[in-house]
Each structure stands twice: as structure tokens, then as C-alpha cells.
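J.: Here it is, the structure in full.
The values are calculated or read from the model by the stated rules, or taken from the named source; none is laboratory data. Computed from a prediction, not measured in an experiment: that's the story for all the values here. Here the Cβ positions follow ideal geometry from the backbone for every residue, glycine too, while neighbour counts run over all protein chains shown.
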């Protein structure tokens with residue numbers, strides 16, 4: 001079982017284990033050894049103030065392991081995935097905590113094919129990381145068998161330990177230009193003339209790409225939250241708060257709104273009426289367009305356990321089957337590859353177009369959605385008007401540990417009661433977050449009172465047993 005890698009890389013409060021200096025150095029060293037002789041590695045980051053420090057520590061470990069490192073600077077996660085594959089790098093690394101607050105950061109790794117590493121590979125790299133930590137004179141006395149600090153005092157001492165003097169490599173500005181050319185080539189003929197578009201960059205990585213990209217498409221582009229200061233990423237903006245861009249669409253009387261998360265691997269939207277449009281609606285719109293053009297392989301879309309039953313029903317009316325994968329675009333992609341599906345994604349806005357991208361790409365999704373709207377001559381609201389969403393609620397419960405929920409009698413009983421009552425008229429999905437200390441309670445039902453009752457009952461049971 002992996003101890004460092006979650007569903008989207010390694011993530012923590014910056015400076016604290018496993019993003020303390022010795023561990024970050026060990027991550028770089030272990031990855032370099034895994035990649036073989038003299039590997040070339042591409043590095044990028046979002047706009048968090050801790051990014052350059054972590055980049056320097058990681059670069060020191062990579063170089064010590066025999067790797068050479070090129071930096072693309074502040075750039076989106078999917079840009080690194082694309083450039084890693086197309087430019088022949090052995091691996092690509094993004095320093096980002098995506099939608100998390102600025103205090104957090106993370107390390108995401110892509111293989112030479114542009115795909116996130118398989119679980120087995122991440123586990124093998126973890127084992128080497130722990131060996132390096134155990135043998136290091138700076139950490140040997142302060143780590144447990146898992147490599148984690150043995151106490152809060154030890155953790156503080158590790159935060160102050162400096163490993164390696166390597167600076168972050170100089171930025172290659174050509175990388176961003178290459179990525180923008182790839183995006184533009186994906187939508188030949190797209191024009192935004194006579195349209196006003198509001199774009200929320202979340203004060204994140206999209207701030208370095210979106211203004212230049214959309215300036216080439218005509219129309220009136222209103223860029224918001226594109227002034228990162230290292231600490232305002234995702235703060236009351238971006239895909240975590242899609243109501244912000246929706247309100248701007250209403251205020252500006254715009255045609256459409258687009259909002260990204262911190263590293264721009266996902267996007268949400270607002271239609272011309274200022275209503276939020278989530279990933280489920282994007283999947284419906286994209287699936288129908290691909291189906292019409294004969295490009296939806298096996299008439300199949302891969303969604304997740306969190307996708308609404310209303311999406312499944314709407315797709316079925318169009319002769320499209322929907323498969324459900326575990327939450328995480330990594331697992332969506334795995335099922336897409338296994339079933340040869342051309343399209344997959346998450347309600348949260350991670351959308352994957354097979355053959356175009358190897359991971360969720362918010363900017364690519366935005367362009368392809370705009371292209372569908374442009375070619376159809378219809379508004380976004382018209383294109384998704386028949387999507388009838390079942391009432392759904394998601395309750396996040398902070399937990400002190402992630403014990404198996406079915407092994408705790410009170411929690412298991414609350415879940416069983418909800419499943420029995422809702423039966424075919426709803427869904428119950430309870431899971432731990434792969435990136436945060438949270439249990440997520442999702443209830444979907446035709447009856448909103450029943451939905452809220454069971455969500456509250458299960459959440460309260462989890463709080464009583466595992467809550468902080």
C-alpha cells in the first residue's frame with residue numbers, strides 16, 4: 001500500500017513531511033535512479049510561493065541521481081504532460097497542489113509517454129525514497145519505518161534541514177509557446193468574434209497561458225484572477241468557486257464563462273444565463289458532438305462514481321453508454337484505455353479526450369467546448385437543456401485517520417440504511433479523499449429531504465467515530 005503517493009501525486013503542507021527538504025531531495029534521487037542512465041526531466045510549477053524552493057530541492061536530488069533538468073517555469077500540469085511526451089523527456093514533474101490552498105503543495109510525476117505513473121511504479125519509487133531517508137545522516141534518527149517523522153519536534157527539525165545547494169534550472173520560455181501552438185492546432189477555424197467571454201484563472205498556472213492563448217481567438221476576452229502573488233491561488237476564485245465566474249457572466253452580459261483550478265488540469269463553465277455548468281454537462285455536450293461525427297468509439301463515455309444519474313439517463317437517450325470509474329482522472333484514464341473509450345471525465349471538470357491529451361486539460365477542454373458551441377450555432381444552455389440533474393449533496397468530513405468505513409459498525413449501519421431506502425431511486429457513495437484528510441459523503445436521490453437526511457446521518461456517524 002502506498003504511503004506517499006495519493007490519487008494525484010504527493011501532497012502536503014509545504015515544508016512539512018513529505019515536502020520537507022530531505023524527503024523532496026530523496027524523491028528526486030529515487031526518481032532519477034528509476035529513470036535509468038542520464039535521464040532528461042522537465043519541471044514546471046503553479047504559482048505558490050513554495051514552488052521555487054521545492055523546485056531547487058527536487059532538482060538537487062535529480063541531479064545527484066544523474067538526471068539533467070529543464071524548467072518550463074510557471075505552466076499548467078497538462079502542458080508538462082504534453083511537452084514531456086512530445087519533446088522526448090524521460091519524465092515530467094509538476095510542483096502543484098491543484099485546488100488546495102496556497103500553504104499546500106505537491107509533486108506530480110508523468111512518464112515519458114505523458115501519462116501519470118502506474119500505482120506499481122509509484123510504490124517502487126516510494127520504497128527507494130524510504131531507503132534514502134533511512135540511510136541519510138540528516139534523517140535516520142528522526143524517521144519511522146515508513147519514512148515519516150516520528151514526532152512533531154522531529155518534523156520541525158526536518159523542515160529546517162537544507163539538502164543540496166542546487167538552484168532551480170533556468171526557465172525555457174519556448175515550452176509555453178509550444179504548448180499554446182498545440183492548443184491552437186486542436187481547434188482550427190475557431191473564432192470568438194461577436195462573443196464576450198469571461199475567464200477566471202484562479203490566480204494559478206492558467207495566468208501564464210490563458211491571456212496569450214485567448215488573445216489569438218478574437219472576441220472580447222475578460223481575464224480575471226490572473227494576478228498571482230504566491231498566496232492567492234484558488235482564494236475565492238477559480239473552479240472551487242464557479243459561482244464567481246457565473247456572477248461575472250451575468251454582470252458583464254457575457255456569452256460564456258470559463259474557470260480553472262490552480263494548475264488548470266480542469267475547467268468549469270457558466271452559460272450565457274450565468275448558471276454553473278459542471279463536468280457532467282461537458283461530458284454530455286462533448287459525447288453527443290463526437291457521436292454525431294462518428295468519433296465516439298463504441299458509443300461509450302467513462303465517468304466516475306460521483307457523476308450524476310441524470311447524465312447517465314441523458315446519454316442513454318442518445319444511445320451512449322456510461323461506464324463508472326473510481327474518482328480521479330488517473331482512474332478514468334485507466335478505464336478509457338481498457339475500453340478504448342474516446343471520452344471520459346469527472347463532474348469536477350477533469351475531462352480527457354483520448355488521442356488529444358493524456359490527462360485532464362482545462363484549457364483544451366475550454367477550447368473544444370467553445371468549438372462545439374461555435375460549430376453548432378447554439379448557446380451553451382441550449383446544448384445541455386435536457387440534462388435533468390438528480391438532487392445531489394456532497395458533505396466533506398475532516399478525519400484524523402482513514403480506517404475502513406465498513407469496519408466501523410455505526411458508520412456501516414448508517415450507510416446500509418441509506419442504500420436500502422434509496423435503492424433504485426438514488427445512490428450512496430462514501431469515500432476518502434486521495435489528497436486530503438477528508439471523508440466525502442455523496443448522496444443522490446429523487447427525494448431531496450431523503451437525500452439530506454441520509455447525508456447528515458452518515459456524516460455525523462463519521463464525525464463521531466473519526467472526526468477531528
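J.: Looking at the range 428-445, is at least one residue touching a helix residue (DSSP H, G or I) at 6+ places or on another chain (Cβ under 7 Å) and surrounded by fewer than 20 Cβ atoms within 10 Å (Cβ to Cβ)?
T.: no
J.: I would also like to ask the following. Out of all the residues in the range 209-225, which are surrounded by fewer than 20 Cβ atoms within 10 Å (Cβ to Cβ) and assigned to a loop (DSSP other than H, G, I, E, B)?
T.: If the condition is that a residue be surrounded by fewer than 20 Cβ atoms within 10 Å (Cβ to Cβ) and assigned to a loop (DSSP other than H, G, I, E, B), then 218, 219 are the ones that fit.
J.: In this structure, is residue 351 farther than 30 Å from residue 82 by Cβ and either touching a residue at least 12 places away in the same chain (Cβ under 8 Å) or outside the structural domain of residue 97 (by TED's automatic domain parsing) (or both)?
T.: no
J.: To continue, here is another question. Tell me yes or no: at least one residue of the range 256-269 is over 29 Å from residue 342 (Cα atoms) and buried (at least 19 other Cβ atoms within 10 Å of the Cβ).
T.: The answer is no, given that none of the residues of the range 256-269 is over 29 Å from residue 342 (Cα atoms) and buried (at least 19 other Cβ atoms within 10 Å of the Cβ).
J.: Ok, one more. How about the range 280-332: which of its residues are modelled with pLDDT of 95 or more, part of a loop (DSSP other than H, G, I, E, B) and under 19 Å from residue 442 (Cα atoms)?
T.: none
J.: In the range 393-407, which residues are surrounded by fewer than 18 Cβ atoms within 10 Å (Cβ to Cβ) and part of a helix (DSSP H, G or I)?
T.: 406, 407
J.: It is to be established whether one or more residues within the range 385-398 are under 19 Å from the mean Cα position of the chain (by Cα) and modelled with pLDDT of 95 or more.
T.: Within the range 385-398, one or more residues are under 19 Å from the mean Cα position of the chain (by Cα) and modelled with pLDDT of 95 or more.
J.: Checking residue 410 against (1) in a loop (DSSP other than H, G, I, E, B); (2) out of contact with any strand residue (DSSP E or B) (no Cβ under 8 Å at 6 or more places or on another chain), only one condition comes out false. Which one?
T.: For residue 410, the exception is condition (1).
J.: Within the range 72-103, how many residues turn out to be surrounded by fewer than 24 Cβ atoms within 10 Å (Cβ to Cβ) and more than 19 Å from residue 228 (Cα to Cα)?
T.: Residues meeting the conditions: 6.
J.: Can you tell me which residue in the range 357-383 is modelled with the highest pLDDT, limited to those that are under 30 Å from residue 114 (Cβ atoms) and not in a helix (DSSP H, G or I)?
T.: By that ranking, first place goes to 361.
J.: Is it true that some residue in the range 245-255 is touching a residue at least 60 places away in the same chain (Cβ under 8 Å) and within 16 Å of residue 362 (Cα to Cα)? Show your work before the answer.
T.: So the first thing to find is which residues in the range 245-255 are touching a residue at least 60 places away in the same chain (Cβ under 8 Å), and the list is 255.
Next cut, within 16 Å of residue 362 (Cα to Cα) only: none.
For the range 245-255, residues touching a residue at least 60 places away in the same chain (Cβ under 8 Å) and within 16 Å of residue 362 (Cα to Cα): absent.
J.: Here's another thing I want to ask about it. Restricted to the range 194-208, and to residues that are out of contact with any helix residue (DSSP H, G or I) (no Cβ under 8 Å at 6 or more places or on another chain) and not in a helix (DSSP H, G or I), which residue is modelled with the lowest pLDDT?
T.: Result: 194.
J.: Exactly one of (1) touching a helix residue (DSSP H, G or I) at 6+ places or on another chain (Cβ under 7 Å); (2) under 25 Å from residue 315 (Cα atoms) is unmet by residue 451. Its number?
T.: It is condition (1) that residue 451 fails.
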